[in-house]
Amino acid sequence: MRSLWQLIYRFHVLLVFIGLEVLAVALLIRNNNYQRAVFIDSSNQLVGTLYERRTEISEYLKLQSINEKLARENALLKSEAPESFLKLTDNLSLVDDTLYLQRYAYMPARVINNSVNRVNNYITIDKGLQNGINKEMGVVSKGNVVGIVKDISDHFASVMPLINVNFTLGVKLSQSEAFGRVIWNGDDPTIAQVIEVPRYANPLRGDTVVTSGYSSYFPEGMMVGTIENYSIPEGENFYEIEIRLSTPFHELSYVDVVHHLLQDEQLKLETESQYETE
């Protein structure tokens with residue numbers, strides 16, 4: 001307490017001056033309409049600015065939960081989109097939900113680890129067995145192909161992305177609907193190659209390459225990339241096509257895991273058919 005009194009005594013002149021200044025300003029504002037209006041306007045601007053900054057900080061802290069909510073909503077919308085259903089009849093022009101059997105469902109997941117500078121890149125997501133994720137499920141982002149679930153634990157899954165030299169997937173050219181396979185040569189994480197495209201395909205620069213729908217991983221029409229260059233090596237009958245990938249692998253934050261609801265039925269039938277032909 002003694003130290004406090006000593007401090008006040010040391011600065012008593014300054015404190016008295018500040019007190020008189022505050023009193024003078026208060027009297028000026030109270031007794032003059034113009035000064036009072038200026039003070040109120042300035043204080044409102046200051047308070048408004050403080051509230052704005054507080055709101056910005058609060059919204060920034062909520063970004064993760066907002067992104068997770070949006071990811072869940074997007075996954076739900078994709079699961080309810082027409083391409084996620086298998087039409088059971090073409091005889092009616094009016095669409096009735098009872099004519100459709102849901103074929104694909106989507107589950108949102110957050111990317112917690114990602115590599116783009118290796119030949120065997122992998123992505124880790126925060127969903128696993130306890131969330132209904134299984135091996136061999138497709139993974140997409142905003143309608144673009146990301147990869148396929150390869151390894152899984154209770155709470156996490158490892159995804160082999162398209163930018164992995166072991167990845168391959170059946171695709172087609174949108175313009176000619178010619179089929180081929182997409183691979184990655186391990187160089188540029190923004191460029192991939194499409195091989196086994198027949199000579200009659202007549203590819204065009206700028207044409208899009210999409211999933212063929214023949215695999216059990218992805219629905220038909222998922223974006224893979226856009227054609228940049230193409231050529232036919234001497235003595236070959238197939239094009240080699242270079243595409244720019246539509247998935248920005250270096251900035252992935254959220255993805256959707258594709259659950260093919262009829263996958264077991266399809267694989268069982270294909271296995272039985274293959275066994276019968278051997």
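The values are calculated or read from the model by the stated rules, or taken from the named source; none is laboratory data. These numbers come from a predicted model, not from an experiment. A quick note on method: Cβ atoms are made from the backbone with ideal geometry, for glycine too, and the neighbour counts reach across all protein chains shown.
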Query - Residue within the range 259-271 that is part of a strand (DSSP E or B), buried (at least 20 other Cβ atoms within 10 Å of the Cβ) and modelled with pLDDT of 90 or more present - result: no
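For every residue, the table says whether it meets (1) touching a Gly at 6+ places or on another chain (Cβ under 8 Å); (2) under 16 Å from Gly147 (Cβ atoms); (3) assigned by TED's automatic domain parsing to the domain that holds Gly147.
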residue: Asp207; (1), (2), (3): no, no, yes
residue: Tyr214; (1), (2), (3): yes, no, yes
residue: Gly225; (1), (2), (3): no, yes, yes
residue: Tyr230; (1), (2), (3): no, no, yes
residue: Pro233; (1), (2), (3): no, no, yes
residue: Pro248; (1), (2), (3): no, yes, yes
residue: Glu251; (1), (2), (3): no, yes, yes
residue: Val255; (1), (2), (3): no, yes, yes
residue: His259; (1), (2), (3): yes, yes, yes
Query raised in the report: Pairs under 6 Å by beta carbon, first residue in the same structural domain as Val209 (by TED's automatic domain parsing) in the range 140-164, partner part of a strand (DSSP E or B) and of a type in the set (Asp, Glu), six or more apart or different chains?
Result: Val140/Asp256; Ser158/Asp151
Query raised in the report: Which ranges mark the strands (runs of 3 or more DSSP E) fully within the range 201-252 that have 3 or more residues being under 20 Å from the mean Cα position of the chain (by Cα) and surrounded by 18 or more Cβ atoms within 10 Å (Cβ to Cβ)?
Result: 208-211, 223-231
Query raised in the report: For Val119, which of the numbered conditions (1) among the hydrophobic types (A, V, I, L, M, F, W, C); (2) within 14 Å of the chain's Cα centre (by Cα); (3) surrounded by fewer than 17 Cβ atoms within 10 Å (Cβ to Cβ) fails to hold?
Result: (2)
Query raised in the report: Does Ser153 satisfy the condition of being touching an Asp or Glu at 6+ places or on another chain (Cβ under 7 Å), surrounded by fewer than 19 Cβ atoms within 10 Å (Cβ to Cβ), closer than 24 Å to His259 by Cα and at pLDDT below 95?
Result: no
